[in-house]
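Asks: What follows is a single structure, and I will ask about it in a moment.
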Amino acid sequence: MFGRDTQLVDCREAMGLGRGGGLAQRGTLSEAARPDVVAIAMTPGRRHITKPVCEITQGLRREGVQVSVLVLEAGAGIPMDDVGGSGRSKGYGANFGITAKEIEQIARHKLVLLHMGNVNTHIILKTKKILRYVNIPAVIACEYPIDFEDFAKAGIRTKYVKPKNPETEGTVVAIVSGITRGETCSRIKLNELAKEIRYIVSQRKEESHAVRSDLLISEGLMASEESE
C-alpha cells in the first residue's frame, strides 16, 4: 500500500539475491497492475548498484504512478554492434544486450524509465539499443550531465532535437541527471522525475507500442515464422 492508493505488483519469477533477498535477479520483471511506467535496471553487480532504482520506484508509486521494474538479463557493458563504430577495441568485459522478450515487456507500457550511470558513451549506446525496436517515450535518469543534443548526434530521436538520420523507434522525452548510483536519491531529483513522468503518463492513452519485428528478425533476436 502506497499512501492512499493500493497498488498490486506481480512478483518476480525468481527469488531475490543477497542477504534477505533484497537484490532482484537479472532477467526478471515485477509487473504493476496498470502498465504506466516500466523502470529498466541494468544487471546488478559491483558497479551497477540498484539502490536509486528502488528509491525512485517507491517515490513514483507514492505519487500514484504504477511502476513495473525490469532487470535486464545482459545490462552490463556496451552493445557489441556499437563497439567497432566507436573506435574502441572489443575488450574482454561483459556486453550489453536486450532480448525479444524484454522488448515485448517494455512495449506493454506507456513510458520507459532508463536508469543509467556516469559514463556518457554507455548512456547513449544503451539508450539507442533499447529504443531501437519499440516506439515508446523514454525518460533518462543518470548521473552524467547529458543533454538532448548528445542523443540526437547518435541518431536517437528526442523531443527537442531531431537527429539527421534517426536510428531509433523510441524517443527520449526527458532527462534528469545528477542521480548518483549507489547513493540516496535526493527529494529534489525525485520530485523532478515524478513531475516529468506524471505529465507524460497523463497524456498517453491505454495502448501498447508497436515493435519492429522485422529488425528483431534481421538482427537475430527473434526467429521468423517461416523458420519455426
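The values are calculated or read from the model by the stated rules, or taken from the named source; none is laboratory data. Bear in mind that the values here come from a model prediction, so they are computed numbers and not experimental data. Cβ coordinates were reconstructed from backbone atoms using ideal geometry, including for glycine residues, and neighbour counts include every protein chain displayed.
Asks: Taking residue 220 as the residue in question, decide whether it is in a loop (DSSP other than H, G, I, E, B), touching a Pro at 6+ places or on another chain (Cβ under 6 Å) and without any contact (Cβ under 8 Å) to a residue 40 or more places away in the chain.
Replies: So residue 220 does not fit the description; no.
Asks: Answer with yes or no whether residue 121 is at pLDDT below 95 and surrounded by 13 or more Cβ atoms within 10 Å (Cβ to Cβ).
Replies: yes
Asks: Next question. Within segment 203-223, is there a residue that is over 28 Å from residue 61 (Cα atoms), surrounded by fewer than 13 Cβ atoms within 10 Å (Cβ to Cβ) and either under 17 Å from the mean Cα position of the chain (by Cα) or among the hydrophobic types (A, V, I, L, M, F, W, C) (or both)?
Replies: yes
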